[in-house]
Amino acid sequence: LAAALLFTAATPASAQLNVDINEGFVEPLPIAVTDLFGQVPEEAKLGADIAGVIAADLERSGLFRPVDKGAFIQDISSLRSGPRFGDWRLINAQALVAGNVQLQADGRMQVQFRLWDVYAEAQMTGLQYTTTPANWRNIAHRISDQVYQRLTGESGYFTTQIVYVAEQGPQNRRIKRLAIMDQDGENHRFLTSGNKLVLTPRFSPSTRESTYLAYQSNGRAEMPRVYLFNLNTGQQEVLGEFPGMTFAPRCSNEGNEVIVS
């Protein structure tokens, strides 16, 4: 995946749009998220799907209120030449996210987006990503991160994932499997088969790895084992067997050590 900055000439007024997240109550900022423009139906569908994820990400944060698309005055085709800021002020949008999607000859997808301050009539940020079409949801989360960070000053979290223990089956024969999903619940997948009882997964802060504790699922007395799971390759490494293990293994901040108790 490749990314590049996009810039346009701004008006003399500097962009001053910010979201204050230090107060106990924050009025959500009205933001317009348009479908990303595409010349052909496949590009247009990708653009609409990406915009839908961006709007959902920002709305779930509680700091933004996406403006209803039915209220939009300017169409996405003319946005390629720049926003008509008066049209967006009329519908009370204080920020605007727009862009386009283009499928390249080599099969990759190029996505451009820009974030505009509607009242200052200035671009706040812009990026271009090049990746495979299968990564469209990840690109949407990355754009959400950029918008969130630019408007709040805080790092975005929309590309993060959640590793957890998924349970199913009757109470006396529970099957527990290590599972992972995106922060919005999408791209769910199981990481272990369920033949061992798994507990207490913990992400490494610096690497694509997770530690966890595992026992045999049939209830036989066995020493608990501490595993390290590589999320990129699926490789599982046994770090050791520890009698009397009662606390979850945890990785150091650097990711090169694991502590157990």
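The values are calculated or read from the model by the stated rules, or taken from the named source; none is laboratory data. Keep in mind the model is a prediction, meaning the values are calculated, not measured. Quick reminder, even Gly has a Cβ in these numbers, built from the backbone with ideal geometry, and neighbours come from all protein chains shown. Quick note on the areas: whole protein, heavy atoms, side chains included, nothing else; ligands and nucleic acids left out. Shrake-Rupley method; radii C 1.70, N 1.55, O 1.52, S 1.80 Å.
Observations, loosely collected:
- Structure-based [θ]222 nm, the chain - -39500 (n - 2.57) summed over DSSP H runs of at least 4, per residue, nearest 500: -5500 deg cm²/dmol
- For the chain, size of Cβ-based charge dipole, Lys and Arg +1, Asp and Glu -1, in debye: 780 debye
- Degrees separating the helix 41-60 axis from the principal Cα axis of the chain, which is the longest one: 70 degrees
- Cα long-axis angle, helix 136-152 against the chain (0 to 90 degrees, to the nearest 10): 70 degrees
- Exposure check, 1.4 Å probe, all protein chains in place: residue 35 carries approximately 40 Å² of accessible surface.
- Förster radius 45 Å - calculated FRET efficiency between residue 108 and residue 171 (Cβ-Cβ, nearest 0.05): 0.40
- In a fully extended conformation the segment linking residue 186 and residue 248 would gain 19.7 nm over its present Cα-Cα distance, using 0.36 nm per residue.
- Computed over segment 148-240, the convex hull of the alpha-carbon atoms projects to a mean area of 7.5 nm².
- At R0 = 51 Å, FRET efficiency that the Cβ-Cβ distance of residue 261 and residue 128 yields, to 0.05: 0.60
- Each label was represented as a point 7 Å from its Cα along the Cα-to-Cβ direction; for residue 18 and residue 230 these points are 4.4 nm apart.
- Loop-exposed GluC sites (Glu not before Pro) per DSSP, neighbour cap 13 Cβ within 10 angstrom, longest uninterrupted part of the chain: 24-153
- Leading residue at positive end of dipole, the chain (Cβ point charges), from 40, 54, 240: 240
- For the chain, the convex hull spanned by the alpha carbon atoms encloses 181 Å³ per residue.
- Charge context of residue 4, other residues only, Cβ under 14 angstrom, K/R +1, D/E -1: +3
- Environment charge of residue 194, counting only residues whose C-beta is closer than 12 Å and scoring Lys/Arg +1, Asp/Glu -1: +4
- Relative contact order [Cα under 8 Å, 6+ residues apart], segment 141-197, whole percent: 25 percent
- Residues in the chain average 53 Å² of solvent-accessible surface per residue, probe 1.4 Å, ligands and nucleic acids excluded.
- Estimated distance in nm for a label pair at residue 161 and residue 223, the labels positioned 7 Å out from Cα along Cα-to-Cβ: 3.0 nm
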